[in-house]
1. Determine how many Å³ per residue the convex hull of the Cα atoms of the stretch 237-310 encloses.
2. Determine the dipole magnitude for the stretch 252-309: charges of +1 sit on the beta-carbon of Lys and Arg, -1 on that of Asp and Glu, nothing else is charged, the reference point is the Cα centre, and the result goes in debye to the nearest 20.
3. Between residue 429 and residue 80, how many nm apart are label points set 7 Å from Cα along the C-beta direction?
4. Would you mind pulling out the separation of the Cα centroids of the stretch 135-151 and the stretch 307-323, in Å?
5. Counting just the Cα atoms, what span does the stretch 80-215 cover along each of its three principal axes? Round to the nearest Å and put the largest first.
6. Please give, to one decimal in nm, the separation of the simple spin-label points placed at residue 406 and residue 380, each 7 Å out from Cα toward the Cβ.
7. So how long is each side of the stretch 285-359 along the principal axes, counting just the alpha-carbon atoms, biggest first, in Å?
8. Given the pairs 145/171; 107/320; 126/193; 327/375, which are separated by over 30 angstrom at their Cα positions?
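Taken together, the values in this text are just the output of simple stated rules run on the coordinates, not laboratory data. Just so it is clear, the structure is predicted and the values come from calculations on it, not from any experiment. Cβ placement follows ideal geometry from the backbone for every residue including glycine, while neighbour counts extend to all protein chains displayed.
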Amino acid sequence: MKMLWLSLLSLLMPGKTPVTALPLRTPDWPMQLSFAGPSEADQEFAEEYLQHFYGYKPKSERQKRTADTDENGDWSTVLCDMVRKMQGFFGLPPSGELTKETLAVMKRPRCGLSDVEPFAGTIRWKKRTLSYRTVDRNLPITPSKVHKVFRAAWKLWSSVTQLKIRKRSRKEADIVISFHRSDHKDGSPFDGKEGILAHAFLPGYGIGGDVHFDADEDWSLNSTGFNLFAVAIHEFGHALGLHHSSDPGAIMFPAYNFAPNYEPQLSFRDVKDIQHLYGVSPNFASLFSKKPPPRTPDKCDPELSFDAVTELQQEVLFFKDRFMWRKHPLFDEAGLTLISSLWPDSVPSYLDAVYENVERNVIVFFKGHQYWMLKQLTLEKGFPRNISDLGFPSRITSVDAALHFRNDHYTVFFTGHECWRYNEEQKMMEGSPTLIEQQWPGIPAPIDAAVFYDGFVHFFKGNIHYKLDSSSKRIISISPANDLLECKMKNDNEILTERR
C-alpha cells in the first residue's frame, strides 16, 4: 500500500532524531463517532501512523497467522488503547475506534516527531551561547527577508531564557538552516508541495540541531501559503530540544496553526518548557510584566467563563478565546482543541455567540456586527453578513448569546438587557424585544452564553452557571460555569506547583 506522505518518514536514528513539521488541515464532516468500520487500507494506514507516532509495535506475520482472534480482534486490544491515546492528544472523543474524524486527523499533514517520546529535560545544548547560519541556496524569498524571519523566530526563544543565539556567516555553526528538495541525504526526503514542510534534528554533534525546509513549498510571510515564521518557531524549538506538547495553544503542538489573523507566539506552556531546559532570562519579568505569555484556558480554573456554548450533533461545544471544549455524552473527559482545527479560514476566534440549527443543517457564529453561517465545513455564499439582516435595528452592534430551541424552531438572541425571538421558519424577528429580567426571572444581564441542552436551559454569566426548567423558567440550580465540563478540581499543592 502506498502510504502517501507517511511513507517518506524514516525510522528515528540514534543521536540524529529527525523532526518533521507539517501544516494543519481540516477533518472531514460530520463529526460522527463511528461508521460502518475502517477498511483494510485504513487499518493498515492507522497501524503505520500509530507505529511512527505512538509507539505501537505491530504483530509479526507469524503472530498474525497464529493469533486466535476474529478479523478485527487486534483493534479491540492494544490498537484501541493507542487510538485512544492519539484521540486524547488531539482533543477528539476518546472512543478508541477508527472513526472518520480520527482517520481524517491521522491523514492530516503533521509533524513527524513522536507525540509520546520522553525527550523533555534529556536532550539539550550544554552551552548557553549558540550559533546558527543560513545556507543561501534555494531560498523562497529574498535572503534579507529570510534572515529577518529567522532572527525574529530565534529571538522569541532567547528572550525568555538564558540563551544567546547569534548568526554566523561562516561554515562553523552549531545549527545550520537550509532549504532542500526531495531526497537530500539525511534519511528524511521531502515530497514536493505540501505534505512534509520541514524537519529538524535534536541537539547534538554534526547534524544535531540542524533545520531543513522544503524548498518546493509555497512559503509566505503572511496567512497565504505556509507561514515561514510559524514553521520556523516550531522547528527551532525542536532544534533546542523541545518535544511536542498536547496543549493546542502551544507553538510546539504537533499541528501548525495557520489561522487567519493569528500571530505566532510562545505560549505559557512553551515558555515554561524552554525555561526548564535553559533557565529564566534575567530580563523576563520586566519584558513580560505588561503582556505575559498567553495561557491556554484551563477547564478547572474556578474563574473560567465562556464566550459561547452550543449543541452540535451529539456534542456540546464550549468556546473560549481561540479554543473550544468538546463534551460528548459517552465520555467523561471533554477534549480541548482549537476552533481553527474544525473551521480554518472560516470562523473567527473570540466569538460572541454560536448556535446550531439542526433542521437547516447549519451552524451560526456571531462576532461583533457580523455573523457567519456554515453548512458542514463550508461557509455559505454571501457570508459574513451584518446582523441587521436578521432584523436587528442599527442600535444593536453585537449579540451576547443565542439560545436555539430545536423542536419549536425559534432562537432567542440576547443583547444587553434585552432578548429577541427569531422565527427560524419565517426567517424574521417576532415582535419587539423584551427585558431579560421579565422573560427569564433571576438571570442577570447581560449574559455571556446560553444553550438548550439535555432538556434544560443553561445560562452562563462570568464564572456562574444557571440551570433552568425550560417550561416554568424556574432556576433549578446555580453552580460554577465549568461544572458541565466535569472538572476534577485541583488541590492547593497542585495549583502551587503550577504557579512555580
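1. Working: hull volume 11.3 nm³, N = 74.
In the stretch 237-310, the Cα hull volume divided by residue count equals 152 Å³.
2. Details: 6 positive and 7 negative charges, 35 e Å.
Taking the Cα centre of the stretch 252-309 as origin, the dipole is about 160 debye.
3. Result: 5.3 nm between the two label points.
4. Each part reduced to its Cα centre gives a spacing of 41 Å.
5. Principal-axis extents of the Cα atoms in the stretch 80-215, largest first: 52, 34, 26 Å.
6. 1.9
7. 53, 30, 19
8. From 145/171; 107/320; 126/193; 327/375, over 30 Å: 126/193.
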